[in-house]
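Structure first, commentary second.
Where a number appears in this text, it was derived from the coordinates with a stated rule and is not lab data. These numbers were taken from a predicted model, which means no experiment stands behind them. Cβ atoms come from the backbone with ideal geometry, glycine included; neighbour counts cover every protein chain shown.
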Amino acid sequence: MKTKPNRSFLEELISKRRSTRKYKPDNPPEEWINSMLYCALMAPSPSNSQPVRFIRISSKGKRDTLYEALNSGRQNFLNAIQFKEGEKKLKKWITTYYRFSEFMFNAPLLFAVGTIPFYKSFSKKMFEEGLLTHNKKEETSLDITVGLALKGFILKGEELGLGTCILTGPLVFIPNVEEILGINDVRITCFITAGFPDEKPDMPPRKSIPEIISEI
Ligand SMILES: Cc1cc2nc3c(=O)[nH]c(=O)nc-3n(C[C@H](O)[C@H](O)[C@H](O)COP(=O)(O)O)c2cc1C
């Protein structure tokens, strides 16, 4: 008989967490949000540069402008695919990804998350000295850093009973998100929603460990 492995508290927390796309209207307590931000802040970062910034989008005006930008982004795509080969398939993608973006406006908490640019990575220093032909690694480091901060944020949310969802879909519809939000010092990587969950999604299938590990 196969015995179920004993899962630690952390393993349970990690595997129980689901992306939540439907929320109750209630606002989570401020101190809960602060403790999620605290967990984000504790994440590792290159040279301890702590470049991740959370922009809480509370103003109805900003949310409305963002929503309008999402809708005009969708409309621009729909106009551009008219009479194009594969129009039906493209329309399906646009509609699906719109649906997987629009829900963020119904979440009690919505943040844009990004990084400040002044962090001087090793790669940037080498590039500026002419010792590297490109500086692609810097963006990778910053994106990893956002991911690590978000992991702390979403797991603390899970521990508190809050649902979250990371979204990059909206950025495809709204390429000039920084301009829309009136931000010029943060490069936005994604959005994240949070609130009390009003759904209990099943876990989407996961790969097995042998599928993701190889040894050389
Ligand atoms: C970088 C990133 C971008 C994502 N973008 C979206 C998105 O735009 N819309 C959405 O509904 N979910 C988005 N998700 C959530 C994924 O769809 C979800 O994590 C995945 O299906 C696994 O489900 P789970 O989080 O419940 O385990 C994103 C997740 C990540 C990590």
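Summary table below
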| item | result |
| --- | --- |
| The chain, relative contact order [Cα under 8 Å, separation at least 6], % | 38 |
| Label-to-label distance, nm, for residues given as Lys92 and Asn27 (7 Å Cα→Cβ offset) | 4.2 |
| log₁₀ of I(q)/I(0) at q = 0.13 Å⁻¹ - segment 21-197, Debye sum with one point per alpha carbon | -0.74 |
| In nm, spacing of pseudo-spin labels at Asp143 and Phe103 (7 Å Cα→C-beta vector) | 2.4 |
| Mean ellipticity per residue at 222 nm, deg cm²/dmol - from DSSP H runs of n ≥ 4 across the chain, formula -39500 (n - 2.57) | -15000 deg cm²/dmol |
| Cβ crowding within 10 Å averaged over residues, with 6-18, 169-181, 145-157 ranked highest first | 145-157, 169-181, 6-18 |
| Distance between modelled label sites at Arg7 and Asn176, nm, 7 Å Cα→Cβ extension | 4.6 |
| Gap separating the Cα centres of segment 6-65 and segment 185-216, nearest whole Å | 13 |
| Loop-located chymotrypsin sites (Phe, Trp or Tyr not before Pro) in segment 82-123 whose Cβ has at most 12 other Cβ within 10 Å (DSSP) | Phe83, Phe118 |
| Estimated FRET transfer efficiency when R0 is 30 angstrom, pair Lys84-Lys136 (beta carbons, to 0.05) | 0.45 |
